[in-house]
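Novice: This is the structure I have questions about; it appears just below.
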Amino acid sequence: MTLAFLNLTWPTFADALALGGIYALMAVGIGLVFGVLRLVNFAYGQLMMAGAFALAYGDQWGLPNWLSILFCFGVVLALSVLMDHLVFRPLRTHSPAVMLVATFAVAFVLQNIALVAWGTYGKTAGSLGVWQAPWDIHGAEIRKIAIIATATAAGCLVLLQLLLTRTRLGLQMRAASMDFRTARILGVRANRVIGGAVILSGLLAATAAVMLSVEQPQISSTWALPETIYVLMGVVLGGLNRPIPATLGGFTIGFAFGLLGGILPSDQSQYLPSFIFAAVIVVLLVRPNGLFTRGGATVERV
Amino acid sequence: MNQARRLPELLAPALLVLATALLSFEVSSYLQAYFLDTLIKVSIVVALYVFIGNSGVLSFGTISFVAVGAWTAGVLTVPESQKKITMPGLSHFLLTHEVGNVASLALAAGVGAAFALAVGLALMRLSGLAAGIATFAVLGITYNVLTYEQSIGPGLNAFSSVPQTTGIWQAAVAGLICVVVAYVYQRTRFGRMLRATREDHAAAAAVGISTYRSRLLAFTLSGALAGFAGGIYVHELPLQVGNLYLDLTFITLAMLVVGGSGSLLGAVVGTLALNGIYSFFSAATNTVDVFGWHLKVPSGTAEIVLGVVMAVVLIVRPSGITGGREFSLPRRRRPVADLEKARVTT
């Protein structure tokens, strides 16, 4: 069974779906923190990079997979909380632009720490490489990681949606991202909501890092940096304010990259980032609030 | 306010640039390279300042204009005989045309301005975060296209055989030109109008100022200066596209923010301060002597220090070292009676 359309085959489609899933996880991680803090976290990719280095060490020390994944989660969570306390909290009252520049600085520092510590070539995280092996599904050879990543992403997003709609913390987070001040007046604790968002965002970063490390096992200081840029574009494309539009935006970018990258010959796909960036500019001009948002909310002033 | 009292606002940054140039003749030729780099960064950061400082809108796009300027000046000044070897994929027009140093810089400024104008026509409607992300997209497109398009430049390779005409003097004069242009612009009514929109969008609109047009003018001017700076840059170093992307964007933005993005003095002070720190730690990768101590650090330390300094300044003093103020001489206090009189007459 094949999809007889251009060069599109089931494996390409599955890979694109998986990439979309990974991007969607990153997008919702960035979107959650933006919702409560109005902070676009450019250092998100560096958080993932730290987690991936943890996986690489787990591989080097010969830890069992579940332990090195746990180690990865621990490192990412610790780093997110640290980042929140050292940089984001003191800057909470500043403009989004100032905070964006601050996360730029954090990203730059983390990237160069990795460069100093592990050099240009970095380390290899190979222990999850078994997931690269294909599964035969009705004659189509689909890599295990494509299925695992898609399923994990879907599972995480469903859990997150339940958390946001069915729990007290979720309700408070949604309230805070709509109107932080009013939420505080009504008794929502700012630090708890922000802490919750940062931890959730860290969990998502670690999950995405595990998945991405299977696709790209060579971990260097710029690992996940291009992906972060694309996801940021995707999040803006979808609409930064709400988790679901942000997720859809991230998924769209990842899916488009995976699909077009698989279909187009390399002399065309090398310009793929340009087309995606251009699409983002067009969307920003036509729908400044994002593609997947309803109604004409107020345009942000300066 | 008379013009004479305003003069220190221009003289302070200009003298700082001049002093840096003069100081560079007192140090070894090895260290002189760092001074040269600092002078070039002054041009880039002032270009950044002209838009970001005056409009208060964040833009990541300026380095793409630097890149376009560098490509223009670089491709056009490589001798024709060399072009066929180093850049065989070049389009026919670029392959057969060659210009001199000054002409290449003027063209770089022109192309930078034209590109900025084209981008600005569409993007200057946006503000805040949307503007930041959109200009980032422009930077991404420029990087992507320059990396792969062999018909307009060397692609991923570094430029080779560009005449190295940028010495201390050319870099210093370029820095001074940028400072003077930025100063003159912010003193004209267009500059003041833009600053008015920065301070209070609604009030500026109420007195008939078009935010869109004021921003577009500043963006174009910033593009011209950035293109010019790119031309200066490529005449100093065999640049490659990787030099003109995220790292340079971050470093120049850090300089502007640390110095104080609200003032021209801040742009220059921030560049000198941060590039001083950066140069010190870069030099320290090959051991420097500090009061008899031999200091040696691993490469990458300079970037870490720079990032930490930037984060700390943002937290402790968000308006930068200068606090966004221009330089002014301490004034003689007028007696209260004079002030009363002045109030009556106005």
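Novice: How about region A:33-70: which of its residues are touching an Asp or Glu at 6+ places or on another chain (Cβ under 9 Å) and within 18 Å of A:Met233 (Cα to Cα)?
Specialist: Residues satisfying the conditions are A:Val33, A:Gly45, A:Met48.
Novice: Among the residues of region A:215-227, write down those that are surrounded by fewer than 24 Cβ atoms within 10 Å (Cβ to Cβ) and of a type outside the set (D, E, K, R).
Specialist: Result: A:Gln216, A:Pro217, A:Gln218, A:Ser220, A:Ser221, A:Thr222, A:Leu225, A:Pro226.
For (1) within 14 Å of another protein chain (Cβ to nearest Cβ); (2) of a type in the set (A, V, I, L, M), each residue gets a yes or a no:
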site	(1), (2)
A:Ala16	no, yes
A:Ala24	no, yes
A:Val28	no, yes
A:Val40	yes, yes
A:Gly62	no, no
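Novice: Ok, one more. Among the listed residues A:Val40, A:Val36, which satisfies the condition of being touching a residue at least 12 places away in the same chain (Cβ under 8 Å), of a type outside the set (S, T, N, Q), in contact with a Phe, Trp or Tyr (Cβ under 8 Å, 6 or more places away or on another chain) and not in a helix (DSSP H, G or I)? Full working, then the answer.
Specialist: On the way: A:Val36 fails: not in a helix (DSSP H, G or I).
Among A:Val40, A:Val36, only A:Val40 is touching a residue at least 12 places away in the same chain (Cβ under 8 Å), of a type outside the set (S, T, N, Q), in contact with a Phe, Trp or Tyr (Cβ under 8 Å, 6 or more places away or on another chain) and not in a helix (DSSP H, G or I).
Novice: When region B:2-39 is examined, which residues are found to be of a type in the set (A, V, I, L, M) and under 30 Å from B:Ser127 (Cβ atoms)?
Specialist: Across region B:2-39, the qualifying residue is only B:Leu10.
Novice: Got a sec? Which helices (runs of 4 or more DSSP H) wholly within region B:112-217 have at least 1 residues that are touching a residue at least 40 places away in the same chain (Cβ under 8 Å) and crowded, with 19+ Cβ neighbours inside 10 Å?
Specialist: Numbers: elements: B:128-148, B:168-187, B:189-199, B:201-206.
Per the criteria, B:128-148, B:168-187, B:189-199.
Novice: Tally the residues that are small (Gly, Ala, Ser) and either closer than 22 Å to A:Leu164 by Cα or within 11 Å of another protein chain (Cβ to nearest Cβ) (or both), restricting the search to region A:208-255.
Specialist: Qualifying residue count for the region: 8.
Novice: In region A:107-125, which residues are farther than 15 Å from A:Leu47 by Cβ and more than 8 Å from every other protein chain (Cβ to nearest Cβ)?
Specialist: A:Ala117, A:Trp118, A:Gly119, A:Thr120, A:Tyr121, A:Gly122, A:Lys123, A:Thr124, A:Ala125
Novice: Just a yes or no: is a residue in region A:147-156 surrounded by fewer than 19 Cβ atoms within 10 Å (Cβ to Cβ) and touching a Phe, Trp or Tyr at 6+ places or on another chain (Cβ under 8 Å)?
Specialist: yes
Novice: Would region A:85-106 turn up any residue that is hydroxyl-bearing (Ser, Thr, Tyr), crowded, with 16+ Cβ neighbours inside 10 Å and within 14 Å of chain B (Cβ to nearest Cβ)?
Specialist: yes
Novice: Please verify whether region B:285-297 includes one or more residues that are within 14 Å of chain A (Cβ to nearest Cβ) and at pLDDT 90 or above.
Specialist: Of region B:285-297, the ones within 14 Å of chain A (Cβ to nearest Cβ) are B:285, B:296-297.
If we keep only those that are at pLDDT 90 or above as well, we get none.
The answer is no; no qualifying residue exists.
Novice: Considering region A:258-284 alone, what residues qualify as being within 13 Å of another protein chain (Cβ to nearest Cβ) and farther than 21 Å from B:Gly155 by Cα?
Specialist: Residues satisfying the conditions are A:Ala279, A:Val280, A:Ile281, A:Val282, A:Val283, A:Leu284.
Novice: Go over the candidates B:Leu121, B:Leu117, B:Leu126 one by one and state the one that is away from every other protein chain (no Cβ under 14 Å) and hydrophobic (A, V, I, L, M, F, W, C).
Specialist: It is B:Leu117.
Novice: Please enumerate the residues belonging to region A:245-302 that are at pLDDT below 80, closer than 30 Å to B:Gly53 by Cα and among the hydroxyl-bearing types (Ser, Thr, Tyr).
Specialist: Scanning region A:245-302 gives a single hit, A:Thr298.
The values are calculated or read from the model by the stated rules, or taken from the named source; none is laboratory data. Just so we're clear, the structure is a prediction, and the values are computed from it rather than from any experiment. Cβ sites come from the backbone with ideal geometry, for glycine too, and all protein chains shown count toward neighbours.
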